[in-house]
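Just so it is clear, none of the values below were taken in a lab; they were calculated from the coordinates. Source: prediction; values computed, not measured.
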Amino acid sequence: MILREALQSATQTLRRAGIADASVEAELLLGHILGMSKTQLYTEPERSLTSVETEHLCHLVRRRLDHEPAAYILGHCEFYGIDFFIDCHTFISRPETELLVEKAVELAHRISQSGKRITIADVGTGCGAIAISLALALPQAKIYATDISASALQVAGMNCRHHAVNSKVELLQGNLLEPLPQPVDMIVANLPYIKSCEFKDLSPEIINFEPTVALAGGEDGLDKIQQMLEQMPGKLNYGGCFLLEIGQGQGRMVTSLIKSYFPQASIELISDLGGIERVVKVGL
């Protein structure tokens, strides 16, 4: 089989199974097997695949037909223009979370104008995507990255070493803010916010493969956010701030919850490109 035929076959198989963006996913799988970029796939259409490569492609396509996310099959995903190792122990970073990083970077630049070295906590770091993105964008920052999962932190450690930010990012195992060794200037968190009643509507890719601990937010989706707010006293420096990612339609509830803990807080809801309130920025 030649490359062009393999790409067509994989695309058609995925499309018949109802896989969205079938052609893109076929390109990813085939490019992964052959070590080729998307451009190379189309500039060498007559390249022959070995029997081993063909069988490998069939195996990966079967995994995708079982609804295993392509990111887990490939073992990596892109976030904020950066490539990260991931596995089934870590949540797959979504593009909408990049807004959280963008706003954190903007805030950090304002805070650090005084010349001080800013300290940031990334709570529930998973594969380390947020913490490492911040470390690369803010070379002078000290970042603590916490997660309750030791397996997730192993992946985060691999990513820290790969991106050479070991000296800037300190990985800490524990529940939310509990393992922080000192108060920080900023807390950034993409915590689980899916309501219990919403799980039935999630895709098999999410329900069957992504870690439930990174998704389940309890009955109203705010369990983990509330836990973090309860832990907040003594964890933020004077004049500190925190940023949270929230789910669609949660803006009013989260604002009310934050006000119940911090009545004097200044709260701003920031919408993503789709007009959905996605990030809550809180100043204390």
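Numbers at a glance
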{"quantity": "Rule-of-thumb Rg ratio for segment 1-124 [Cα; 2.2 N^0.38 Å; N residues]", "calculated": "1.40"}
{"quantity": "Semi-axis lengths, Å, segment 77-283, gyration tensor of Cα atoms, sqrt of 5 times eigenvalues", "calculated": "23, 22, 16"}
{"quantity": "Principal semi-axes in Å for segment 86-170 [√(5λ), Cα gyration tensor, largest first]", "calculated": "22, 14, 10"}
{"quantity": "Exceeding the 28 Å Cα-Cα cut-off - candidates Lys142/Lys281; Lys200/Lys281; Lys116/Lys235; Lys38/Lys281; Lys168/Lys195", "calculated": "Lys200/Lys281; Lys38/Lys281; Lys168/Lys195"}
{"quantity": "Gap separating the Cα centres of segment 180-205 and segment 207-267, nearest whole Å", "calculated": "8 Å"}
{"quantity": "As computed over segment 200-284, the Cα convex hull volume per residue (Å³)", "calculated": "117 Å³"}
{"quantity": "q = 0.14, 0.16, 0.19, 0.22 Å⁻¹: log10 I(q)/I(0) that the Debye formula gives for segment 3-66, counting C-alpha atoms only", "calculated": "-0.33, -0.44, -0.62, -0.84"}
{"quantity": "Helix-only CD estimate at 222 nm, as mean residue ellipticity for the chain, using -39500 (n - 2.57) per DSSP H run (n ≥ 4)", "calculated": "-12000 deg cm²/dmol"}
